[in-house]
Amino acid sequence: MTEGGIVGEFLSLKEGTDADLLAMQCGDFYEFFADDAELVAEELDLRVSKKSSHGSSYPMAGVPLSELTPYLKALVERGYRVAVADQYDTEDGHAREITRVATPGTLIETTEEDARYLAGVVRVSDECYGLAFAEVTTGRFLVTRIEGEDAEARAITECYRYDPVEILPGPDLREDEDFLESLSERTDGEVTLHEKNAFAPGAATHRTREQFGRETLSSLDLETEGPEVRAAGAVLSYVEETGLGVLPSMTRLQPYGADDFVSCDVTTQRNLELTETMTGAGRSLFGTVDHTVTSAGGRLLKEWLGRPRRSLGELHRRQDSVGALCERALAREDLREILGEAYDLERLASRATHGSADAHALLRARDTLALLPEVADLIGGDDRLAESPLSGIIERPDCESAATLEKALREALAEEPPKTLREGGLITKGYDAELDELVERHENALAWIEELGPREKADHGITHLQVDRNKTDGYYIQVGKSEAEAVPETYRQVKTLKNSVRFTTDALEEREREVLRLEERRGELEYELFCELRERVADRASLLQDVGRAIAELDSLASLATHAVENRWVRPELEESRALDIEAGRHPVVEQTTEFVPNDLQLSESRGFLIVTGPNMSGKSTYMRQVALIVLLAQVGSFVPAEYAKIGLVDGIYTRVGALDELAQGRSTFMVEMQELSNILHSATEDSLVILDEVGRGTATYDGISIAWATTEYLHNEIRAKTLFATHYHELTALADHLERVANVHVAVDDEGNDVTFLRTIREGPTNRSYGVHVADLAGVPDPVVSRSDEVLERLRAEKAIEARGEDGGGASGSGTQQVVFDVGSGQFETASTDGGSSGEEADEQLDPETEAVLSELSEVELANVSPVELMGRVQEWQGRVRR
Ligand SMILES: Nc1ncnc2c1ncn2[C@@H]1O[C@H](COP(=O)(O)OP(=O)(O)OP(=O)(O)O)[C@@H](O)[C@H]1O
């Protein structure tokens, strides 16, 4: 350190932290110096001034103490990690030390409704990952282990699901650029390289035990030193290191297993537009079904949509609750009205433990706790709701303790406290005897001063006299200039103004000192009492979290019920089977903006694979997504857009549809398509739902058909997953005749005359033609091109340049053209030239009679009855006849 003084102190503190910026308290301001000042000024539009220190001049930018929070938030949201150094008194002046580092994952002062997860990711081997997700604003703390061949992809999917704002990769991952790149493609999280030791098995286990209790790991069946525990330990150490003091709000370690939830990989979540649309425009599923009235409810509903469940019991519980709320419209509206008053208790709990909750925050906690009995009465007072699982939800938190805490807050807090914490006015009368006495003395002293003016006026006959107070002069008696001479001797002049003179007296000064002393003492005592109260609330963090969670759950369920009623959704029958039976199903998002044509779907043990054909734009994709979304909603516990639905539970939903966003990233569409296909073929099981839209389209036709063909066979024969496959390759429709569980459906169009009308109705069987040229016309392609396309199409149709051939060998016809036929029996393409006669149907038809006769004799030879010599003679004879 070369510089001394305040800037020297700043620079030396800065050197000791790996944060990007340092905000250092200097009296009533947090100051940034040198390069930091320039950068912060630029980012936040602050004024830069100059600070001279030890003969040099440095840029300086500052924000008042009370305004640090919004500035910190803005800097952190722009990706900076900001260290904060606070000032404290020492015997010979002040000293400063870094008390916390604000980073994306540990920013508690957020106003965003979305969860802000901090993730730890540990890799033990290619097939074993441990993950921890902590939300410092609510104290949630989840861990999971992912094992198996596709562990990496699934670990990334988990990260996508929680969309962490900050990620701490373990020691084995930080060098793996491919992994880090995938992570940054899939999430917006900042990657932070936290110290390697924090991930060490022993240290991490120790820390996790310290946080959640010694026995927690074994009671939760978590392996000591396991990868998820290592991730958890690292996250805890990071939160501690950033100095936020929110660790106490992390009260519960929640392990979860992949088997609890329906697998729904990143691609599928994006394709189905669960929480965001692919183009950024329009509504996502969440945007459509979200009617929650609290931010915690909204967060939970979003989480539910991203995490459909596999447990019939849990789903039935949610359905029963939604069902009861659907039936009781008035009670539902009352419930939503009460919940609408609730504040985010989970976040309040974190702010209390962090020490950043002010009196208004505690009042909000109090008011929200007070809603609990109201909600319980409402549910208990309605038979239908009372017998539903809703009553279990409201009884889950410890209502008695909640009432006690609410009472304590009611008895302590003043109704309209000031925003600041050190000026008094926070605590209500009757809470603390010492404070009451102080307040009384303070009020008496103030009353004495208040009465001083009228008293002096009366005693000394002065008309223009008033007693007032300001910052520089303190209390004073102000007398009009004309009467200034008439004041008694006890008055001492302190200031002369244009029209008046200010005086003080010994008695007033004494009272003033008393008032100031009492004010200071009152401020201190109230602050102490407030901090005690806040600590008491912080100690009950887990109670607040429970109540907050119950409110969020009720809100999400009421939201699902509201949407179901408003949109005539029905309760699906759920069962453990392979059935999927949907009558008059609709797309939950498209139905909001379109006169939607409902469609059915039937899948069963014997019919598990649908090939969906139909013209472009007819509605194939919409139909398939609608099916996937209905299944997903059913496994969230929601009602579904249909007249009737029976859903056999699935263990995963996999989709392969357009790849808009990947295109924007400049990757080859076909490559992406094949990677996605590969993921599906690796991950899907017999119990999964697979949606394939146009697989193989991005490459040459033959390659495309071959891949589509082989994929169908593999899904049908090996994986046996429930599948919907939309294709423009009509050749594939022939598969229905050959693969037992494959059936064809098509989207019907009415093409009477020259016009094509999309009927949007799904019918059994394959479509007989495509309507691409018509869509080109609709899209405004110039007329000459459209009419020429029509001509070319007619020719191609007449000549049947590509068509399928079944095992019976029928199907192809025509003459004089090159034929490409697909032999269903062999699964191979054959190219046949009708004049060349090398192979295929056309060649057969053109054989001359002599050759035909030879072939017929050949086929009749019974090898067992012919000697080799005789056979050679006959072959020689046949050759002679054919070669002629
Ligand atoms: N059942 C329906 N009722 C009303 N409108 C529908 C229905 N199905 C689809 N649509 C509308 O039809 C349009 C085309 O649908 P979609 O994209 O599903 O067609 P597609 O057959 O998959 O097209 P392509 O083959 O070109 O990908 C969309 O705008 C959609 O909103």
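The values are calculated or read from the model by the stated rules, or taken from the named source; none is laboratory data. Keep in mind the model is a prediction, meaning the values are calculated, not measured. We place every Cβ from the backbone using ideal geometry, glycine too, and count neighbours over all the protein chains shown.
Note on segment 136-232: enclosed helices (runs of 4 or more DSSP H) holding 2 or more residues that are charged (D, E, K, R) are 151-162, 177-186, 201-212. Tell me, please, whether a residue that is among the polar types (S, T, N, Q) and not assigned by TED's automatic domain parsing to the domain that holds Phe33 can be found in segment 80-91. Scanning segment 80-91, I find no residue that is among the polar types (S, T, N, Q) and not assigned by TED's automatic domain parsing to the domain that holds Phe33, so the answer is no. You will find that of Gly461, Gly430, Gly453, the residue that is touching a strand residue (DSSP E or B) at 6+ places or on another chain (Cβ under 9 Å), among the small types (Gly, Ala, Ser), without any contact (Cβ under 8 Å) to a residue 40 or more places away in the chain and over 20 Å from Ala365 (Cα atoms) is Gly453 and no other. Between Asp377, Asp398, the distinction of being surrounded by 15 or more Cβ atoms within 10 Å (Cβ to Cβ) and modelled with pLDDT of 90 or more belongs to Asp398 only.
Being more than 23 Å from the chain's Cα centre (by Cα) and either assigned by TED's automatic domain parsing to the domain that holds Leu247 or modelled with pLDDT under 90 (or both) is a description that does not apply to Ala231. Quick one: how many residues across segment 598-639 are within 16 Å of the ligand (Cβ to nearest atom) and not in a loop (DSSP other than H, G, I, E, B)? Qualifying residue count, segment 598-639: 18. Residues that are within 25 Å of the chain's Cα centre (by Cα) and within 26 Å of Ala414 (Cα to Cα) do not occur anywhere in segment 561-582.
All of Leu557, Leu601 fail the test of being surrounded by 24 or more Cβ atoms within 10 Å (Cβ to Cβ) and either in contact with a helix residue (DSSP H, G or I) (Cβ under 6 Å, 6 or more places away or on another chain) or assigned by TED's automatic domain parsing to the domain that holds Leu409 (or both), apart from Leu557.
Go through segment 304-322 and give me each residue that's surrounded by 17 or more Cβ atoms within 10 Å (Cβ to Cβ) and in a helix (DSSP H, G or I). Trp304, Leu305, Gly306, Leu315, Arg317, Arg318, Gln319, Asp320, Ser321, Val322, listed by residue number.
For segment 582-635, residues that are under 22 Å from Phe261 (Cα atoms) and touching a Lys or Arg at 6+ places or on another chain (Cβ under 7 Å) total 2.
Every condition in (1) assigned to a strand (DSSP E or B); (2) more than 16 Å from the ligand (Cβ to nearest atom); (3) surrounded by 24 or more Cβ atoms within 10 Å (Cβ to Cβ); (4) modelled with pLDDT of 95 or more is met by Ile582 except one, and the failing one is (2).
If the condition is being without any contact (Cβ under 8 Å) to a residue 40 or more places away in the chain, within 34 Å of the chain's Cα centre (by Cα) and not in a loop (DSSP other than H, G, I, E, B), then segment 1-55 contributes Asp36, Leu39, Val40, Ala41, Glu42, Glu43, Leu44. Pairing each residue of segment 840-868 that is closer than 15 Å to Gln879 by Cβ with any residue that is of a type in the set (A, V, I, L, M) and modelled with pLDDT under 80, provided the two are 6+ apart or on different chains, yields C-beta distances under 6 Å for Thr851/Val882; Val854/Val882.
Among residues belonging to segment 697-753 that are surrounded by 20 or more Cβ atoms within 10 Å (Cβ to Cβ) and among the charged types (D, E, K, R), point out the one that is modelled with the lowest pLDDT. Looking at the filtered set, the residue picked out is Glu731. Taking the condition within 16 Å of the ligand (Cβ to nearest atom) and in contact with a Gly (Cβ under 9 Å, 6 or more places away or on another chain), does Pro588 pass? Taking the combined requirement at face value, the residue does not satisfy it. Report the residue count in segment 61-86 for those that are in a strand (DSSP E or B), buried (at least 18 other Cβ atoms within 10 Å of the Cβ) and touching a residue at least 40 places away in the same chain (Cβ under 8 Å). Here the count works out to 5. Filtered by the rule that a residue be touching a residue at least 40 places away in the same chain (Cβ under 8 Å) and assigned to a helix (DSSP H, G or I), segment 393-424 gives Ile393, Ile394, Ser401, Ala402, Leu405, Glu406, Ala408, Leu409, Arg410, Ala412.
Scoring Gln545 on the criteria (1) within 30 Å of Glu337 (Cα to Cα); (2) within 16 Å of the ligand (Cβ to nearest atom) leaves a single failure, condition (2).
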